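Values quoted throughout were computed directly from the atomic coordinates according to the rules given, and no laboratory measurement underlies them. A quick note: this is a predicted structure, and the numbers were derived from the prediction, not measured. Positions of Cβ are backbone-derived with ideal geometry, glycine not excepted, and every protein chain shown enters the neighbour counts.
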Amino acid sequence: MTLQSRLLTAFETHDLAEIQSVLSQGLDPTVPIIGKPPVMILIEMYYRSDAFPACLRLLLDHGATVVDPLLLPVLLDDIPALEDALKSNPDYLNHRVHLPSAFVSLNGATLLHLASEYGHLEAATWLLDQGCDPNATADTDLGYNGHTAIFHTVNSNGNRSAAVMRLLLERGACTDLQLQGLWWGRGFEWETLFFDVTPVSFAQMGLLPQIHRREADIYANIADLLAVSGRLVPELSNVPNRYLMS
């Protein structure tokens, strides 16, 4: 296996030791792979874990750069860096993100959307503490999207963003916003356009085969969303679904 292939495989599971090994053997992280900088492949990758910031920092320490460095404090879940960014740029909290996303769109999104997508609880908490609006919306796309940060959290990969979802709910995130539609995985082979979407309905869409989240996680998230909105949280006795397990 080539060093490039090893690096891409390591990205898929945020294998920090393997990334370090590949770099130590001479792979240059500034050289594009299949026409794209390796650091952008990592950022756009669908995997989510606590190891992501360390993997990203390792590439940066070896010379990798990003087009918009103002995103790095959030992507790194780095509170001192966030504080420094705000000191040097008083309008930092209003900065808008334009970044490909494997899941919910990050085009015209806020920094809070970004923290929510990657499940970065510390960064999300800091942003909310600074006064970021949990109900700020991202850009629309052909009349669709216009979503708030909570949409990134209700059916996240491995349910990584569930803690951020609960934080957003505590800070007043709206649970009944209905979108005309929501692009998911735009530009990827799993791209899907969902129609008439709310946070609750989108959470349940996590059961679709292209999203394939755990039933227990999905229904736990739905229960939290319903409870905060004052709706009845029924007892669900068929989770996981017995028919699908047979």
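Using Cα atoms only, what is the angle between the long axis of helix 215-228 and the major principal axis of the chain, expressed in degrees (0 to 90) to the nearest 10? For helix 215-228, the angle is close to 60 degrees.
Computed on region 186-246, with alpha-carbon pairs under 8 angstrom and 6+ residues apart, the relative contact order is 25 percent. Within the set (i) 31, 23, 16; (ii) 34, 18, 18; (iii) 41, 24, 18, the number that semi-axes √(5λ) of the Cα gyration tensor in Å takes when calculated for this structure is listed as (i). Neighbours of A109, meaning other residues whose beta-carbon lies under 11 angstrom from its beta-carbon, give a summed charge of -1 when Lys and Arg score +1 and Asp and Glu score -1. In plain terms, the residue of C55, C132 with the fewest other Cβ atoms within 10 Å comes first and the most crowded comes last, giving C132, C55.
Shape analysis of region 14-65 places it in the oblate category; the axes a ≥ b ≥ c from the Cα gyration tensor give an a/c of at least 1.5, with a/b not above b/c.
Among N241, A216, L23, which residue has its Cα furthest toward the positive end of the charge dipole of the chain, with +1 on Lys/Arg Cβ and -1 on Asp/Glu Cβ? Of the options given, the answer is N241. The residues packed around G119, meaning those with a beta-carbon under 14 Å from its beta-carbon, carry a net charge of -1 if Lys and Arg are +1 and Asp and Glu are -1. Measuring gaps between exposed loop sites in the chain (GluC sites (Glu not before Pro); DSSP loop; at most 13 other Cβ atoms within 10 Å), the longest gap, sites not included, is 13-188.
Only the Cβ atoms of Lys and Arg (+1) and of Asp and Glu (-1) were treated as charged; on that basis the dipole of the chain about its Cα centre amounts to roughly 420 debye.
When Lys and Arg each count +1 and Asp and Glu each count -1, what net charge do the other residues less than 11 Å away from D78, Cβ to Cβ, add up to? Charge balance in the 11 Å sphere: -3.
Given axes a ≥ b ≥ c from the Cα gyration tensor, I'd like to know whether region 122-177 is rounded (a/c under 1.5), prolate (a/b larger than b/c) or oblate. Cα axes put region 122-177 in the oblate bin. Here the residues H152, H98, ranked from fewest to most Cβ neighbours within 10 Å of their Cβ, fall in the order H98, H152. Each Lys and Arg Cβ is given +1 and each Asp and Glu Cβ -1; about its Cα centre, region 1-66 then shows a dipole of about 100 debye.
Once C-alpha pairs closer than 8 Å and six or more residues apart are averaged by separation and normalised to the residue number of the chain, the relative contact order reads 13 percent.
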